[in-house]
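What follows is a set of notes on a single structure, which appears directly below.
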2 protein chains.
Amino acid sequence: MSDKSTESEIRSLLAGWAGAVEAKGPARIASVYAADVVAFDAILALRFEGREAYGAHWQACLSHCPGEMAFKIHDLKIEASGDIAFCHGLVRCGGAGPDGQMQSAWMRMTIGLRREAGAWRIVHEHHSAPFDVESFKALFDLEPEGEPEALVA
Amino acid sequence: MSDKSTESEIRSLLAGWAGAVEAKGPARIASVYAADVVAFDAILALRFEGREAYGAHWQACLSHCPGEMAFKIHDLKIEASGDIAFCHGLVRCGGAGPDGQMQSAWMRMTIGLRREAGAWRIVHEHHSAPFDVESFKALFDLEPEGEPEALVA
């Protein structure tokens, strides 16, 4: 449902953005957001409004992860028309603990984009883990069915 | 970023769908989904693929709520172009417990839509609560800043 160039522009934007997360570059992360981005992150708050607030949240998150970070997008599906697109996928998200051991889990990600002056920008982002209905705890041990497809930029 | 008729068509679709949730009508709920819907629900599983699987999940959810249900969409923001749209908002979601007492919380909702044969259908849905980084428990006591705007169809 999206033409080849849009598809590859968005894949390339998200590959660079995921790379910026792994490289812990808050300025590079924030550079892909529209000024009026509204984000639903997986932790802490209901929502973040605006590039500045959400960028500050990213910076705080990164500073809590002193070790190596992983942020690998899989099963990305894009729908686009004109200057609007949305996509969703699963993210294998992890960080090294104080013992240097990598801990990771599958998270869900939905992204809404708008093309502004020829460049795709993220205007909405939603990250989450589902929770257990008895304990209300986030479920970090779920595995997708099948073999999730890694993002190709 | 969406014309008036698209905006009102989508608001009307979502108002009917939210009404179907409150009326506990699984067939009416499922009727708004595209056959290939991919859903990230707030509970239990990473994702649900296809109208049948997701409809069955809705039915299971509704049967776990014997009492009154509330599903009120707020702060809906729509971006659309041609036959593709996405939107996000906060949902005041609740149900009556065994004591008849209503318990509710703010949840986050993102929806992706495609117009098929002239009718908007949900092709992607993402519901969640953020979790606490210490306890990993879903945060049900968060309040949005300001006064969230109720959905007008």
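Assorted remarks:
- Filtering B:L62, B:L13, B:L44 for residues that are within 21 Å of A:E79 (Cα to Cα) and not β-branched (V, I, T) leaves a single hit, B:L13.
- Odd one out for A:H127, checked against (1) over 15 Å from A:A39 (Cβ atoms); (2) at the interface with chain B (Cβ under 9 Å from one of its Cβ atoms); (3) touching a strand residue (DSSP E or B) at 6+ places or on another chain (Cβ under 7 Å); (4) surrounded by fewer than 22 Cβ atoms within 10 Å (Cβ to Cβ): (1)
- Of the candidates B:A60, B:A39, B:A96, B:A35, the single residue that is more than 12 Å from the chain's Cα centre (by Cα) and modelled with pLDDT of 95 or more is B:A35.
- Qualifying residue in segment A:74-90 (condition: surrounded by 22 or more Cβ atoms within 10 Å (Cβ to Cβ), under 21 Å from A:P26 (Cβ atoms) and either within 17 Å of the chain's Cα centre (by Cα) or within 11 Å of chain B (Cβ to nearest Cβ) (or both)): no
- Where B:F140 falls short, out of the listed (1) away from chain A (no Cβ under 11 Å); (2) free of Cβ contacts under 8 Å to residues at least 60 places away in the same chain: (1)
- Test: residue in segment A:38-57 that is within 14 Å of chain B (Cβ to nearest Cβ), crowded, with 17+ Cβ neighbours inside 10 Å, closer than 17 Å to B:I84 by Cβ and in contact with a Phe, Trp or Tyr (Cβ under 7 Å, 6 or more places away or on another chain): no
- Within segment A:107-124, if we keep just the residues that are in contact (Cβ under 8 Å) with a residue 40 or more places away in the chain and facing chain B (nearest Cβ under 10 Å), the residue that is nearest to B:F136 (Cα to Cα) turns out to be A:M107.
- Test result for B:E145, more than 7 Å from chain A (Cβ to nearest Cβ) and in contact (Cβ under 8 Å) with a residue 40 or more places away in the chain: no
- Hey, A:L62 more than 11 Å from chain B (Cβ to nearest Cβ), touching a residue at least 24 places away in the same chain (Cβ under 8 Å) and in contact with a strand residue (DSSP E or B) (Cβ under 6 Å, 6 or more places away or on another chain) or not: no
The values are calculated or read from the model by the stated rules, or taken from the named source; none is laboratory data. Owing to the predicted nature of the structure, the values given are computational and were not obtained by experimental measurement. Counting neighbours? That spans all protein chains shown, and the Cβs are built from the backbone with ideal geometry, glycine included.
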